[in-house]
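For reference, the structure discussed in these notes is given below.
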Amino acid sequence: MEAVVFDGKSLTLKYDNKFPMPKLVNDTDVIVKVEYSGVCGTDLHIIQGEFPASKERPLPLGHEFSGEVYEAGKASVFKKGQKVVVDPNRACNLCEFCRSSNYQYCLTAGINSTIGIFRNGGWAQFCLAPQDQVYALPDGITTEQAGLCEPYSCVAHGFDRASPLKVGQRILIAGAGIIGNLWITTLHHHGHRNVTVSEMNKARLDIVKKLDTGFRLVTPDVLASEKPQFDIIVDCTGVGKVMEINFSYLRHGGKYILFGCCPPTHQASVNPFIIYDKELTIIGVKINPFSFNNAIGWLQAMGSRYLDYSKLGVKTYALSEYQNALDDLKAGAISKAVFKIK
Ligand SMILES: [Zn+2]
Ligand SMILES: [Zn+2]
C-alpha cells in the first residue's frame, strides 16, 4: 500500500508504495481504509526532532484521520463499509490517571502510544486501530469533515478546561493557523461575538475573513499599540515569547489558555505580583482525553457553515505529494494540509 513513512532515527520522511498492509492482531481490531488524513503542527515538530516519536522502526505518521472500515475482527462491533473516525490516543486503563479519565497524563499510554506517532498511523491507505479507539460517524458528517475531528477533539478538551466561557466576554485568539481557525469556528458557533484574532501572517488573516464571523482581525503590532484588555486569551501560537507579551493584555480575573504546544526549550517570564493582583489563571491544555464524542457532536451541529476546507484554509494532497504539503504548510500559504487518499 501507499504510505508516507517516517524514520525516527534519521528524522527523514519518504513515500513508499510498497509498505506492508496492516493485519488484524486481536479479534476486536479494525482496519480502516483511510480517506482523509491531516498533517498536524505536531508532525512538523516530530520531523524536526523536537517532539518524541517512535525510534524503533520507520512508520507512517498521521494521527488525524477518517475513513471507512475495511476489515473488522470477528468480535468487533464494527462492520465493513462503516464510516468512522479514529481517536489516536488511548488509556492504559491501569494507572491512576487513566482510571480517572485523564489519559493525557498517562506515562505509558496517552501521548506515549499515539497512533501515527508510536504506532503505524494514517498517512497510509490503511491503518490498524483497536475498536475502542474507533468511532462511528453519524449520518450527515462526511469523512472530509471528520478529517478535522481529532483537532476539534483537542479544542473540545480546551473548551472544557477554559469553561465557563461566557458569551459577551472579551476574547483574544492569538494565532490563526488551523487551531486558531477551529477555535474561531467553535466560539462563533457557541454564540461568542466579542472576539479579536491576532496573527502576524496577513495571508492567514485573509483566510480567516472567509469564515465571515465578524470577529476583529489584527496583527500583533496593533495590540501592542492599543494595549487592550481581554477576559480570555486563547494562545494558539506555540511560541513561548507570545505568552510574555499577551499576558499583559489580561484583565482582572482573566484566564490565559495555553493551547499551542511550545517546544520544551521556549521560556516566558510572567510577573507573580500581577497574577496575584489581577487574580489571573493560566490553563494548560494537552491532547483530547475522551473528547471524541463531544467533537463528533460539534461536527454534527456545525455542518457546512463552518466545516468547509476552503473557508478554513485547508488544502488536500495525494500521499505522493507530501513534500508539497509540508512546504505549503511551513510557508503559511495554507492553514492545514490534509492527505486525500484513494
Ligand atoms: Zn495533531
Ligand atoms: Zn494510564
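None of the figures in this text is laboratory data; all of them are computed from the coordinates on show. Computed from a predicted structure; not experimentally measured. All Cβ positions, even for glycine, are placed from backbone atoms using ideal geometry, and neighbour counts span all protein chains on display.
For segment 51-198, what D do you get in µm² per second when you plug the Kirkwood radius from alpha-carbon pairs into Stokes-Einstein at 4 °C and 1.567 mPa s? Stokes-Einstein gives a translational diffusion coefficient of 75 µm²/s.
Projected onto its three principal axes, the C-alpha set of segment 1-67 covers 35, 23, 21 Å, listed from the longest axis down. Between segment 235-257 and segment 174-199, the alpha-carbon centres lie 15 Å apart. A simple spin-label model places pseudo-atoms 7 Å from Cα toward Cβ; at Ser225 and Asn293 they are separated by 5.0 nm. What does the C-alpha gyration tensor say about the overall shape of segment 155-284? Classify as rounded when a/c is under 1.5, otherwise prolate if a/b is larger than b/c, or oblate. It is rounded, given that a/c, with a ≥ b ≥ c, falls under 1.5. Distance between the C-alpha centres of segment 290-328 and segment 41-67: 18 Å, rounded to the whole angstrom.
With a threshold of 18 Å on the Cα-Cα distance, the over-threshold entries among Lys23/Lys74; Lys33/Lys80; Lys202/Lys255; Lys210/Lys255; Lys18/Lys342; Lys55/Lys286 are Lys202/Lys255; Lys210/Lys255; Lys55/Lys286.
Evaluating 6.51 cos²θ - 1.76 cosθ + 1.60 at θ = phi - 60° for every residue in segment 34-50, the Karplus couplings come out as 6, 10, 10, 9, x, 9, 9, x, 4, 4, 4, 4, 4, 5, 8, x, 9 Hz, glycine and proline recorded as x. Neighbour counts of C-beta atoms inside 10 Å place Met200, Met243 in the sequence Met200, Met243, starting with the fewest.
The label point for Tyr276 and the one for Ser100, both projected 7 Å from the Cα toward the Cβ, are 2.9 nm apart. A compact globular protein would have a Cα radius of gyration near 2.2 N^0.38 Å; the ratio found for segment 239-342 is 1.44.
For the chain, the membrane-span-like helix rule (DSSP H, alpha carbon extent of at least 15 Å along the helix axis, mean Kyte-Doolittle at least 0.0) picks out 178-189; this says nothing about an actual membrane. Could you state, as a whole-number percent, how many of the C-alpha pairs of the chain are farther apart than 40 Å? Beyond 40 Å sits 11 percent of the P(r) for the chain. When His157, His252 are sorted by how many other C-beta atoms sit within 10 angstrom of their C-beta, beginning with the fewest, the order is His252, His157.
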